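My questions will all concern the structure given below.
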Amino acid sequence: MRAICRRLNGSDAEVFQALRLESFRLEPRAFRFAPADEAHIAPDAVAARLTRDFVIGAFNADDSQLIGVGGLAWGDGAKTRHKALLYGMYVKAAHRGSGAADEIMEKLIDEASAKVEIVTLTVVSTNLRALRFYERWGFRAYGVEERSAKNGDGDYLDETLMALRLKS
Ligand SMILES: CC(C)(COP(=O)(O)OP(=O)(O)OC[C@H]1O[C@@H](n2cnc3c(N)ncnc32)[C@H](O)[C@@H]1OP(=O)(O)O)[C@@H](O)C(=O)NCCC(=O)NCCS
């Protein structure tokens, strides 16, 4: 079943926030954030983020449920406007391998290609599925931040830094 993808806007704040918190809760070894980091963010602030950033949502064609997301945050400094940060890639487990993640990524890369020269991201180094996914889209690893996040009790996460050059 193909997902229907579109840019999320302020009116999607509630479902976006719910899926983002779900991703932190269900995949604690895939993200540097915990639910507590963002659970308190008010709907207005989430809506503002969706207006400022470029966030794509994938909706199940059957029941219109939001099943996947991925976003771009634009560099806003005078010297960083040529870059965007790709963040928050998440597809519900039942829809992984369905092509939904590719559809999200295609829209993100289309938008980034029109606006910036480089897209960067970070991915937990043990998250081989995500690493493979990003490599397939042309991202290349350029470093590792050791102990980038700490889940507690000595459970550290290293993050691989990746970049995609859109213009040489
Ligand atoms: C990352 C994510 C969005 C990718 O979506 P997806 O639908 O799973 O991606 P795809 O199935 O299209 O691609 C995954 C690739 O990894 C491969 N793969 C699957 N399991 C793997 C594993 N254990 N080791 C290595 N590669 C693996 C798949 O074969 C596929 O590669 P291929 O297209 O060359 O065959 C999704 O897995 C997800 O939401 N994961 C949990 C959250 C997460 O990790 N987010 C990323 C944060 S940086």
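The values are calculated or read from the model by the stated rules, or taken from the named source; none is laboratory data. This one's a predicted model, so the numbers in the text were calculated from it and none came from an experiment. Ideal geometry is used to build each Cβ from the backbone, glycine not excepted, and the neighbour counts take in all protein chains shown. With ligands, DNA and RNA removed, areas are computed over all heavy atoms of the protein, side chains included. Shrake-Rupley method; radii C 1.70, N 1.55, O 1.52, S 1.80 Å.
For every residue, the table says whether it meets (1) β-branched (Val, Ile, Thr); (2) under 30 Å from SER168 (Cα atoms); (3) out of contact with any strand residue (DSSP E or B) (no Cβ under 9 Å at 6 or more places or on another chain).
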site: ALA39; (1), (2), (3): no, no, yes
site: ALA48; (1), (2), (3): no, no, yes
site: ILE67; (1), (2), (3): yes, no, no
site: LYS83; (1), (2), (3): no, yes, no
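Can you pull out the residues in the stretch 106-131 that are touching a helix residue (DSSP H, G or I) at 6+ places or on another chain (Cβ under 7 Å) and more than 11 Å from the ligand (Cβ to nearest atom)?
Within the stretch 106-131, VAL119 is the sole residue that qualifies.
Write out, first by first residue and then by second, each pair whose Cβ atoms fall under 9 Å of each other, whose residues are 6+ apart or on separate chains, and whose first residue, in the stretch 16-33, is more than 13 Å from TYR87 (Cβ to Cβ) and away from the ligand (no atom under 11 Å from the Cβ) while the second is modelled with pLDDT of 95 or more and open to solvent by 90 Å² or more (accessible area, probe 1.4 Å).
GLN17/PRO43
Only one of (1) loosely packed, with under 13 Cβ neighbours inside 10 Å; (2) among the small types (Gly, Ala, Ser); (3) more than 30 Å from ASP155 (Cβ to Cβ) fails for GLY97. Which number is that?
(3)
Going by the conditions given, is GLU103 part of a helix (DSSP H, G or I), over 20 Å from PHE24 (Cβ atoms), touching a residue at least 60 places away in the same chain (Cβ under 8 Å) and within 12 Å of the ligand (Cβ to nearest atom)?
It is true that GLU103 is part of a helix (DSSP H, G or I), over 20 Å from PHE24 (Cβ atoms), touching a residue at least 60 places away in the same chain (Cβ under 8 Å) and within 12 Å of the ligand (Cβ to nearest atom).
Moving on. Restricting attention to the stretch 115-147, report how many residues are small (Gly, Ala, Ser), part of a strand (DSSP E or B) and open to solvent by 30 Å² or more (accessible area, probe 1.4 Å).
Here is the first cut: in the stretch 115-147, the ones small (Gly, Ala, Ser) are 125, 130, 138, 141, 143.
With part of a strand (DSSP E or B) added as a condition, the list becomes 141, 143.
Pick out the ones that are also open to solvent by 30 Å² or more (accessible area, probe 1.4 Å) and you get 141.
The qualifying residues number 1.
Out of ALA101, ALA34, ALA47, ALA30, which single residue is touching a helix residue (DSSP H, G or I) at 6+ places or on another chain (Cβ under 9 Å) and closer than 15 Å to LEU8 by Cβ?
ALA47
Every residue, every condition in (1) surrounded by fewer than 14 Cβ atoms within 10 Å (Cβ to Cβ); (2) under 21 Å from ARG52 (Cα atoms); (3) of a type in the set (A, V, I, L, M), yes or no:
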residue	(1), (2), (3)
ALA3	no, no, yes
PHE16	no, yes, no
LEU21	no, yes, yes
PHE24	no, no, no
GLU27	no, no, no
ALA30	no, no, yes
ALA34	no, no, yes
ILE41	no, yes, yes
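Tell me whether the stretch 65-74 contains one or more residues that are within 24 Å of SER148 (Cβ to Cβ), at pLDDT 95 or above and open to solvent by 50 Å² or more (accessible area, probe 1.4 Å).
Yes, some residue in the stretch 65-74 is within 24 Å of SER148 (Cβ to Cβ), at pLDDT 95 or above and open to solvent by 50 Å² or more (accessible area, probe 1.4 Å).
Please name all residue pairs, on different chains or six or more residues apart, with Cβ atoms under 6 Å, provided the first residue is in the stretch 139-168 and is free of Cβ contacts under 8 Å to residues at least 24 places away in the same chain and basic (Lys, Arg) and the second residue is part of a strand (DSSP E or B) and exposed (fewer than 14 other Cβ atoms within 10 Å of the Cβ).
ARG147/TYR156; LYS150/TYR156
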